[in-house]
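Engineer: Please find one structure pasted underneath; my questions will follow.
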Amino acid sequence: MKGTFPIDKFQSLRTPFYYYDTQLLRRTLELIRTETARYGNYMVHYAVKANANPKLLAIIREGGLGADCVSGGEIRAALQAGFPAGKIVFAGVGKADWEINLALDHNIFCFNVESIPELEVINRLAAAQGKKARVAFRINPDVGAHTHANITTGLAENKFGIRMEDMEHVIHLAQDMEHVDFIGLHFHIGSQILDMGDFVALCNRINELLDRLEAGCIQVEHVNVGGGLGIDYAHPNRQSVPDFKAYFATYAKHLKLRPYQTLHFEPGRAIVGQCGSLISRVLYVKQGANKKFAILDAGMTDLIRPALYQAYHKIENISSDRPMQTYDVVGPVCESSDVFGKAVDLNGVQRDDFIALRSAGAYGEIMASGYNCRELPMGYTSDELAHG
Ligand SMILES: *Cc1c(COP(=O)(O)O)cnc(C)c1O
């Protein structure tokens, strides 16, 4: 089954562009709202790095979520979209002084701190502002996720987080500092995780750590388990709203939260991934030695995931019901890796047909570049095309 697209509205738009189904986004946010409401102490922050399109950020903010930011630019984008500073968390291994100061200026909810040198800088900059910064420590739980090596972050060998052995030491350091307030622990084991067993492994590790801290009389008010819930790239229409019910239930079942603790989540991909498609036109159909190429006006500069992670995106010819034929679907950029898919079955392709690359709402538009002096793709929502 193909997706449904307002092709008549597409005719007047310059391709390539991103098209966002905001109804699907709203349904996803509604499921998150009803499922978290069961638990009372669950708080969801959207990982802005997945997609910072202001139109989507506004909808996500209306849905009641907070924002998980990894740079000063993302903090600005979140504030501009109306996220309250009290619902913004700031993560990242390399926070620059200006970014820390920006976060302090606005009194964001929490810094997720990844090293002792960073903690010292935050303490010093907070002192200069006469403030106390809330901090959580990102702990590297040494839990592997069964996902692509480039998007696994929770193993001891990764650059992220503080080693478990050092946890008590850094907490004591923070407790002795005047201008930081230790409030919690943060974890994030990777991305595109579909095996709930990976999250169970994280829960088990967190349970051990919380027991250890409790035995040492250290109270942890906030536990943040990061993001990582995956989506079904092979079947964008089968479960277009990811299974947040099972996801939250996994944590409810396996994590031994204390009554005074709040559990925080930071999904990115699972919120915006399925609502976005990259729409492009076919420029040429070229006969090669033993195959046909469909050459699109979209390339790796618009959607880099296939070139960067060998990621799969379902490709559909949304203009055609002609009989199926097989194509290598490629972009115009001068790189051999500018390939969206090899031996892809599509309804017979002609010049000017619209091609949709599905499940491209996360890590798509936001990763676009100007390589080859190409223009950045626009992003349109179904709302604005319906009314425009
Ligand atoms: C990237 C990231 C996320 C979001 O990951 P998804 O796989 O998109 O859900 C959440 N938290 C942190 C710290 C991240 O780096």
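Engineer: With respect to the numbered conditions (1) farther than 30 Å from residue 324 by Cα; (2) buried (at least 16 other Cβ atoms within 10 Å of the Cβ), which one is the sole condition not fulfilled by residue 27?
Structural biologist: Evaluating residue 27 over (1) farther than 30 Å from residue 324 by Cα; (2) buried (at least 16 other Cβ atoms within 10 Å of the Cβ) leaves (2) as the failure.
Engineer: Separate question: Would you check if residue 200 is more than 16 Å from the ligand (Cβ to nearest atom) and modelled with pLDDT of 95 or more?
Structural biologist: Yes.
Engineer: Name the single residue, out of those in segment 314-337 being of a type in the set (A, V, I, L, M) and part of a loop (DSSP other than H, G, I, E, B), that is nearest to residue 231 (Cα to Cα).
Structural biologist: Looking at residues that are of a type in the set (A, V, I, L, M) and part of a loop (DSSP other than H, G, I, E, B), I get 318.
Engineer: Cβ contacts < 7 Å: first residue acidic (Asp, Glu), restricted to segment 188-209; second residue surrounded by fewer than 18 Cβ atoms within 10 Å (Cβ to Cβ) and part of a loop (DSSP other than H, G, I, E, B), any location; separation 6+ or different chain. Result?
Structural biologist: Final answer for the pair search is 195/146; 198/146.
Engineer: On to the next question. Cβ-Cβ below 7 Å, separation at least six or inter-chain, first residue in segment 223-234 and farther than 16 Å from residue 50 by Cα, second near the ligand (Cβ under 6 Å from one of its atoms) and at pLDDT 95 or above: which pairs?
Structural biologist: As it stands, the answer is 224/266, since those pairs meet every condition given.
Engineer: Another question about this same structure. Report yes if residue 7 is among the β-branched types (Val, Ile, Thr) and touching a Phe, Trp or Tyr at 6+ places or on another chain (Cβ under 7 Å), otherwise no.
Structural biologist: Yes.
Engineer: Against the condition touching a residue at least 40 places away in the same chain (Cβ under 8 Å), buried (at least 16 other Cβ atoms within 10 Å of the Cβ) and not in a loop (DSSP other than H, G, I, E, B), how does residue 311 come out, does it pass?
Structural biologist: Taking the combined requirement at face value, the residue does not satisfy it.
Engineer: At least 1 residues that are closer than 18 Å to residue 265 by Cα and out of contact with any Gly (no Cβ under 6 Å at 6 or more places or on another chain) in each: list the strands (runs of 3 or more DSSP E) lying fully within segment 1-92 that qualify.
Structural biologist: Filter on segment 1-92 gives 42-47, 66-69, 88-90.
Engineer: Based on what the data block shows, is residue 273 within 13 Å of the ligand (Cβ to nearest atom) and over 29 Å from residue 182 (Cα atoms)?
Structural biologist: yes
Engineer: Continuing with this model, one more query. Just to verify a result, which residue in segment 221-242, among those that are away from the ligand (no atom under 14 Å from the Cβ) and hydrophobic (A, V, I, L, M, F, W, C), is farthest from residue 137 (Cα to Cα)?
Structural biologist: This residue is 234.
Engineer: Cβ-Cβ under 8 Å, sequence separation 6+ or interchain: first residue in segment 260-274 and in the same structural domain as residue 184 (by TED's automatic domain parsing) and more than 13 Å from residue 366 (Cβ to Cβ), partner near the ligand (Cβ under 9 Å from one of its atoms) and of a type in the set (D, E, K, R). Which pairs?
Structural biologist: Final answer for the pair search is 266/68.
Engineer: As an exercise: evaluate residue 375 against (1) without any contact (Cβ under 8 Å) to a residue 24 or more places away in the chain; (2) over 30 Å from residue 55 (Cβ atoms); (3) in a loop (DSSP other than H, G, I, E, B); (4) not hydroxyl-bearing (Ser, Thr, Tyr) and give the number of the one condition it does not meet.
Structural biologist: Result: residue 375 passes all but (2).
Engineer: Does segment 185-194 contain any residue that is aromatic (Phe, Trp, Tyr), outside any helix (DSSP H, G or I) and assigned by TED's automatic domain parsing to the domain that holds residue 122?
Structural biologist: Checked against the condition, which is being aromatic (Phe, Trp, Tyr), outside any helix (DSSP H, G or I) and assigned by TED's automatic domain parsing to the domain that holds residue 122, segment 185-194 yields at least one hit.
Engineer: Which pairs turn up if I take residues in segment 128-140 that are farther than 12 Å from residue 184 by Cα and look for partners that are within 13 Å of the ligand (Cβ to nearest atom) and in a strand (DSSP E or B) with beta carbon separation below 8 Å, at least 6 apart in sequence or on another chain?
Structural biologist: 133/111
The values are calculated or read from the model by the stated rules, or taken from the named source; none is laboratory data. Predicted model, so just to flag it, every value in this text is computed and none were measured. FYI the Cβ positions are ideal-geometry reconstructions off the backbone, even for glycines, and counts take in every protein chain you see.
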